[in-house]
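Worksheet: the structure to be examined is printed underneath.
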């Protein structure tokens, strides 16, 4: 059975998932990488488009609306004593030299770039990163320096974006393998409850295919940019139920593996 058909039947057929316990581990690992790739496609799209359009928006906004500022000795200093919020299309830019905002505000935002008192931070399509100004050492950055930097970044985006997407993919793949490993550990308890003879390696294979349904569901939700309440709980509940149903499909004898 090819990987696309495995994906399709794993959406609804615990019996087919149970049969996959006998396949080679290499094919299972390949499936996990493929499923991870599908899961990050919405993030890839929104991240790329946000970065591409965002840089131009930032440059235009800073040129026309941001007063002079300096980043020196690890701190942002501005002429105004209140935060400045600039909205440009789908991107929001906030300058705050008053130390009013913090990382909690960053994590709650969406498609927002922050120049905080002591660090630069952004939250784009759910990807949050921050960089302290102290990384600049003794370098002083002004408004004109920032505009020059943005212009330089725009020219290297064809290199920066693929590297960033590769990092996102590898981190997502690592998290997916951890998720499957933990789910397989749940499978040990389910195995004992059902009285089935299943090795952990087989449970790992079953877990890899049991996460298909919740993963595809959240891919669709991410594509529609729809937030699912209690998404974490829903994801794990569906995955555990699929694993339990797959285990129940395995014959109750010592020769089932």
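Things worth noting here:
- Our estimate of slack between residue 75 and residue 13, defined as 0.36 nm per intervening residue step minus the Cα-Cα distance, is 16.6 nm.
- Take every pair of alpha-carbon atoms less than 8 Å apart whose residues are at least six positions apart; their mean separation over the length of the chain yields a relative contact order of 25 percent.
- Relative contact order (percent, whole number), the stretch 1-151, Cα cutoff 8 Å, 6+ residue spacing: 20 percent
- Two numbers describe the Cα atoms of the stretch 53-159: Rg and Dmax, which are 13.0, 37 Å.
- C-alpha long axis of helix 200-210 to longest principal axis of the chain, angle in °: 60 degrees
- In the chain the Cα-Cα distances spread across 5 Å bins starting at 0 as 1, 6, 11, 14, 14, 11, 9, 8, 7, 6, 6, 4, 2, 1, 0, 0 percent of all pairs.
- Contact order relative to length of the stretch 39-108, as percent, for alpha carbon pairs under 8 angstrom and 6 or more apart: 23 percent
- With Cα atoms, 0 to 90° folded angle of helix 231-248 axis to the chain main axis: 20 degrees
- Selected from 53, 82, 181 as most flexible by GNM, with the chain as the system and alpha-carbon contacts under 10 Å: 82
- GNM result for the chain, Cα springs below 10 Å: residue of 124, 247, 233 fluctuating most strongly: 233
- In plain terms, the chain from residue 165 to residue 52 could stretch by 39.3 nm, reckoned as 0.36 nm per residue minus the Cα-Cα distance.
- Per residue, the chain reaches -20500 deg cm²/dmol at 222 nm when only DSSP H runs of four or more residues are counted, each adding -39500 (n - 2.57).
- The C-alpha atoms of the chain define a longest principal axis, and helix 143-194 lies at about 20 degrees to it.
- Cα centroid separation, the stretch 33-57 to the stretch 84-152 (Å): 20 Å
Coordinate-derived values only; no laboratory data. This one's a predicted model, so the numbers in the text were calculated from it and none came from an experiment.
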